[in-house]
């Protein structure tokens, strides 16, 4: 009888440990899901804030037109704004890639930034393409990151098209 009670208590103890481990695994999975949602939200909110800033500022709309108009010089304050525009995107692209590499954003979001790189380069005037090149080249330590390699390939493609 004593042995039976002891075995029952030990079995209940092991069962409690297993159930506790299952609950911890569930909580970790939930925490990972929350991290992904928060990261996705922050990345998309970054683009949302940028778009709102453009929509709510007629000067910014005019500036965006100059970024895409061939032959429109980007000098002085416009050059500084254009460089800032590229740095804003480069930082967002790098943050998204880092989040993807660490499992806190989705493959779809990572693909979305690659599409965004293509879209940014495709819409850029030859003058803006030059600014993109200077911006990317100003970070030699990041040249081998996947995002910069992709951006460089896209940029080279549009530089070639612009020179033809």
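Compute the helix-to-body angle for 126-137: its Cα long axis versus the longest principal axis of the chain, expressed 0 to 90° and rounded to tens. With rounding to tens, the tilt is 50 degrees.
Which of [x] 19.2, 74; [y] 19.5, 67; [z] 25.1, 95 is the computed Rg and Dmax of the Cα atoms in Å for the structure on display? Given [x] 19.2, 74; [y] 19.5, 67; [z] 25.1, 95, the structure-derived one carries the label [z]. Panel order for 78, 62, by other beta carbons found within 10 Å of each beta carbon, from fewest to most: 62, 78. By how many degrees, between 0 and 90 and to the nearest 10, does the Cα long axis of helix 146-163 differ from the longest principal axis of the chain? Roughly 20 degrees, rounded to the nearest 10. Taking segment 101-118 and a reference point 7 angstrom along Cα→Cβ of residue 51, the backbone N atoms nearer than 17 Å belong to 109-118.
Helix 58-68 and the longest principal axis of the C-alpha atoms of the chain enclose an angle of approximately 80°.
Compared with the direct C-alpha span, the chain from residue 10 to residue 149 gains 44.2 nm at full extension, assuming 0.36 nm per residue.
When a footprinting reagent is the concern and you count Cβ atoms within 10 Å, what order do 121, 128, 83, 14 take, fewest first? Can you show the working numbers first?
Details: 121 21, 128 24, 83 16, 14 10.
Arranged by neighbour count, lowest to highest, 121, 128, 83, 14 become 14, 83, 121, 128.
With R₀ set to 22 Å, the beta-carbon distance separating residue 137 from residue 102 gives a calculated FRET efficiency near 0.25. Dividing the mean sequence gap of close Cα pairs (under 8 Å, 6+ apart) by how many residues segment 35-163 holds gives a relative contact order of 30 percent.
No lab work stands behind these numbers, since they all come straight from the coordinates. In this text, all values refer to a predicted model and were calculated from it rather than measured experimentally. Please note: Cβ atoms are built from the backbone with ideal geometry, for glycine as well, and neighbour counts cover all protein chains shown.
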